[in-house]
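Note sheet for the following structure.
Nothing in this text is a laboratory measurement; each read-out follows from the coordinates by a stated rule. Computed from a predicted model, the values in this text were never measured in an experiment. We place every Cβ from the backbone using ideal geometry, glycine too, and count neighbours over all the protein chains shown.
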Amino acid sequence: MKPYIKKIGRLFVLLVISTLTPTCSTMKKEIMFKNDTANLQVNDDTCPNNSGCSIEIKNGSYTMETDTIGAMYPSFTEADGEMVSFTYHVPAKEGIVDGDYKETITFLIPAGLKGTMVLEDESLSKVKLLLNKQCFCRGQAGYRLITKGRLAIKRSATNEVSFDLSYESPGIDLVVSSIKL
């Protein structure tokens, strides 16, 4: 065997080993909460360590559609009501394809809501509580409507919105199962 082929082989093995060896890096915990008018505060326990969380409240709505293979997905539209989306995200380590992990919970705040509204289990369908799990985890990923849990939404006299949500999706492993804003 020619010497340069042995060198290339050794370099390739070294490259593979260095790619597969975990690196020590500190992941920065960021909690970003956005709204067109103000930054929103949340309990730090809502976003687990080594992750990033974001929340967005914007005008809009969605309906659930089904594709040709029977999978559900949302179709977003403009509307008078408000839509809340909370996302928990753990990015993949550099060089790993399909290694991201993300859970997004989306629900609607009905137009004209004043005071407090509390919904439990099947009544969560009134706000279209939606879970989107994105990961390389067969049988776990995808969209599903949540019908097991409790949501309390409050709109104050100064038009500030707060909510307390706890939920579960039977058969689906979740990292975040409660959100409080």
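Distances longer than 15 Å among the Cα atoms of the stretch 67-121: what percent of all pairs is that? Present the calculation step by step, with values, prior to reporting the outcome.
Details: 1040 of 1485 pairs.
Result for the distance tail: 70 percent.
Modelled spin-label separation between Ser75 and Arg138, with each label point placed 7 Å from Cα along the Cα-to-Cβ direction: 3.2 nm.
Listed values for the stretch 90-99 are Karplus-derived 3J(HN,Hα) couplings in whole Hz (6.51 cos²θ - 1.76 cosθ + 1.60, θ = phi - 60°), namely 10, x, 6, 5, 4, x, 9, 7, 6, x, and x replaces Gly and Pro.
Fully extended, how many nm does the chain gain between Ser125 and Ala157 (0.36 nm per residue separation, minus their Cα-Cα distance)?
On the way: separation 32, 0.36 × 32 = 11.52 nm, distance 2.59 nm.
Length difference between fully extended and current span is 8.9 nm.
Full extension of the chain segment joining Thr68 with Glu168 gains 33.3 nm, where the gain is 0.36 nm per residue of separation less the Cα-Cα distance. Of the GluC sites (Glu not before Pro) in the stretch 94-164, which ones lie in a loop per DSSP and count no more than 14 other C-beta atoms within 10 Å? When the GluC sites (Glu not before Pro) of the stretch 94-164 are filtered for loop state and at most 14 Cβ neighbours within 10 Å, Glu94, Glu160 remain. Structure note, pairs Lys93/Lys128; Lys128/Lys180; Lys93/Lys148; Lys58/Lys114: Cα-Cα distances above 26 angstrom occur for Lys93/Lys128; Lys93/Lys148. Remark: Thr106, Thr63 ranked as Thr63, Thr106, counting other beta-carbon atoms within 10 Å and listing the fewest first.
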